[in-house]
Amino acid sequence: MRSFFSLNSSKKIFIVKLPNGHLADLGNKIEEYSLNLNHEQGKNKAILFASKLGITLENAEPLKQAVKQAAINEDVIIRKTNEYGTHYNMKFWLQTEVGESLILAAWSIRTGENFPKLTNCYPIKK
């Protein structure tokens with residue numbers, strides 16, 4: 001585990017591997033939220049995925065595989081721990097034939113569980 005002090009606050013930032021990343025559960029977050037043009041909040045993420053990477057509901061599998069691989073290989077920042085569990089943020093690069101983008105994937109491990117569950121996923125700026 002590595003730790004740093006944030007320049008924006010006096011909080012310490014902990015950087016770790018996602019615990020049990022090999023057990024990561026994507027649920028239906030990608031299909032029902034991140035790539036869903038009909039979802040009230042998710043539609044903006046769907047537009048970003050389509051415009052930056054050419055990823056839509058019809059070709060979501062490469063995104064799912066990339067998120068699963070990132071869960072195993074990439075570092076995460078512990079965002080917060082509360083009565084519901086521990087929440088993590090991860091950033092990783094994804095490249096497709098259309099373009100490339102940094103992706104933010106948010107995870108949580110609920111209290112009493114031992115596997116990370118995807119809670120959000122979308123392209124971001126550097």
Consider only pairs whose beta carbons are under 6 Å apart and that are at least six residues apart or on different chains; among these, list those whose first residue lies in the stretch 14-32 and is in contact (Cβ under 8 Å) with a residue 24 or more places away in the chain and whose second residue is surrounded by 14 or more Cβ atoms within 10 Å (Cβ to Cβ) and assigned to a loop (DSSP other than H, G, I, E, B). Leu18/Pro116; Asn20/Phe115; Leu23/Phe115; Ala24/Pro116; Asp25/Phe115; Ile30/Ala60
For the stretch 108-126, name all the residues that are within 20 Å of Gln41 (Cβ to Cβ) and either in contact (Cβ under 8 Å) with a residue 60 or more places away in the chain or open to solvent by less than 60 Å² (accessible area, probe 1.4 Å) (or both). Ser108, Lys117, Leu118, Thr119, Asn120, Cys121, Tyr122, Pro123, Ile124
Listed by first then second residue, the pairs whose first member lies in the stretch 49-65 and is within 21 Å of Gly27 (Cα to Cα), whose partner is part of a helix (DSSP H, G or I) and open to solvent by 50 Å² or more (accessible area, probe 1.4 Å), with beta carbons under 8 Å and at least 6 positions apart or on separate chains, are Ile55/Pro62; Leu57/Glu31; Ala60/Glu31
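Considering only residues that are touching a Gly at 6+ places or on another chain (Cβ under 6 Å) and closer than 21 Å to Ser108 by Cα, which ones fall in the stretch 37-79? Full working, then the answer.
Step one: of the stretch 37-79, the residues touching a Gly at 6+ places or on another chain (Cβ under 6 Å) are 52-53, 71-72.
Ala71, Ile72 - these are the residues of the stretch 37-79 that are touching a Gly at 6+ places or on another chain (Cβ under 6 Å) and closer than 21 Å to Ser108 by Cα.
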Might you check whether a residue that is in contact with a Ser or Thr (Cβ under 7 Å, 6 or more places away or on another chain) and open to solvent by 90 Å² or more (accessible area, probe 1.4 Å) occurs anywhere in the stretch 11-20? yes
Restricting attention to the stretch 1-38, the residues that are at pLDDT below 95 and not aliphatic (A, V, I, L, M) number exactly 11
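Restricting the stretch 67-107 to residues that are of a type outside the set (A, V, I, L, M), under 10 Å from the mean Cα position of the chain (by Cα) and open to solvent by less than 20 Å² (accessible area, probe 1.4 Å), which is farthest from Ala50 (Cα to Cα)?
The first filter runs over the stretch 67-107 and keeps only residues of a type outside the set (A, V, I, L, M), leaving 68-69, 73-75, 79-89, 91-93, 95-97, 99-101, 107.
Next, only the ones that are under 10 Å from the mean Cα position of the chain (by Cα) stay: 68, 88-89, 91-92, 107.
If we keep only those that are open to solvent by less than 20 Å² (accessible area, probe 1.4 Å) as well, we get 88, 92, 107.
Numbers: Tyr88: 25, Phe92: 17, Trp107: 22 Å.
Checked the stretch 67-107; the qualifying residue farthest from Ala50 (Cα to Cα) is Tyr88.
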Considering only the stretch 76-92, state which residues are over 18 Å from Phe115 (Cβ atoms) and in contact (Cβ under 8 Å) with a residue 40 or more places away in the chain. Ile77
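The values are calculated or read from the model by the stated rules, or taken from the named source; none is laboratory data. Please read all numbers here as calculations on a predicted model, not as lab measurements. All Cβ positions, even for glycine, are placed from backbone atoms using ideal geometry, and neighbour counts span all protein chains on display. Side chains included, ligands, DNA and RNA excluded: accessible areas come from the protein's heavy atoms. Shrake-Rupley method; radii C 1.70, N 1.55, O 1.52, S 1.80 Å.
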